[in-house]
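First the structure, in the form of structure tokens, and then the observations on it.
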Ligand code: ATP
């Protein structure tokens, strides 16, 4: 079973594309959502976060205060790396467990930092979803309360889109000029035939 990675910069349309694959019956693993879930629900992860960041990281109801955690790691590469070293192996195991129970010609794994985190190496083919920065900013602003500055700050901590395009096996252009659906369907056909050849 082929493992296809979907990545791209903030607001590029990763989730939108993955939802289309889901409608085609393809199982999708949303790594970022799953990482957040494990942070709140996996006892092993919670214990490690507690020991690394202290009791104060818990908000009301014994739930990890994600805003506080984000603030703590924001300006500290050492703390960010500590957190990543807890979350990434947990997501890795969780993904493998999920993958083992799938029955499909191929599966899709969505992750924002697939290249940055090196996890692309565990996948067979990678799609980068690309869209112009201004389009992405406008889409994200109309979706949530986030400001332009916050988007640009997040953007500055990720690799440039050009680099993600360069490293990808396939690119889906989610801009105002190219239709999304035919590109997704075309790759669906490619993955089905690649799976056939395996
Ligand atoms: P994030 O980086 O925040 O996880 P993402 O890459 O998963 O974002 P989406 O959530 O799929 O991106 O898209 C961002 C927003 O843009 C969403 O509100 C989505 O509905 C909208 N959007 C995506 N593609 C298009 C499109 N082709 N036309 C119009 N709106 C779009």
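Readers should treat all values here as calculations from the given coordinates under stated rules, not as data from a laboratory. What you see is a predicted model; the values in this text were computed from it and never measured. Note that each Cβ is placed from the backbone with ideal geometry, even for glycine, and that neighbours are counted across all protein chains shown.
Take the Cβ atoms of residue 16 and residue 65, set R0 to 45 Å, and the FRET efficiency comes out at 0.90.
Counted residue by residue at 0.36 nm each, then reduced by the alpha carbon distance between them, the extension gain from residue 141 to residue 169 reaches 7.1 nm.
Applying 1/(1 + (r/R0)^6) with r as the Cβ-Cβ distance of residue 98 and residue 52 and R0 = 41 angstrom yields a FRET efficiency of 0.95. I need the shape label for the chain. Rule: rounded when a/c is under 1.5, else prolate if a/b > b/c, else oblate, with a, b, c from the alpha carbon gyration tensor. Because a/c hits 1.5 or more and a/b fails to exceed b/c, the chain counts as oblate.
Helical content of the chain, expressed as a calculated mean residue ellipticity at 222 nm, amounts to -17500 deg cm²/dmol (DSSP H runs of 4 or more residues, -39,500 (n - 2.57) each, divided by residue number, nearest 500). Note on residue 124 and residue 186: the model spin-label points, each 7 Å out from Cα along the C-beta direction, lie 2.1 nm apart.
Measuring nothing but how far apart in sequence close Cα pairs (under 8 Å, 6+ apart) lie, relative to its length, the stretch 32-101 scores a relative contact order of 37 percent. Measuring nothing but how far apart in sequence close Cα pairs (under 8 Å, 6+ apart) lie, relative to its length, the chain scores a relative contact order of 39 percent. Remark on the stretch 32-101: hydrodynamic radius 12.5 angstrom, per the Kirkwood mean of 1/r across alpha carbon pairs. For the pair residue 76 and residue 157, label points projected 7 Å from Cα toward Cβ lie 1.4 nm apart.
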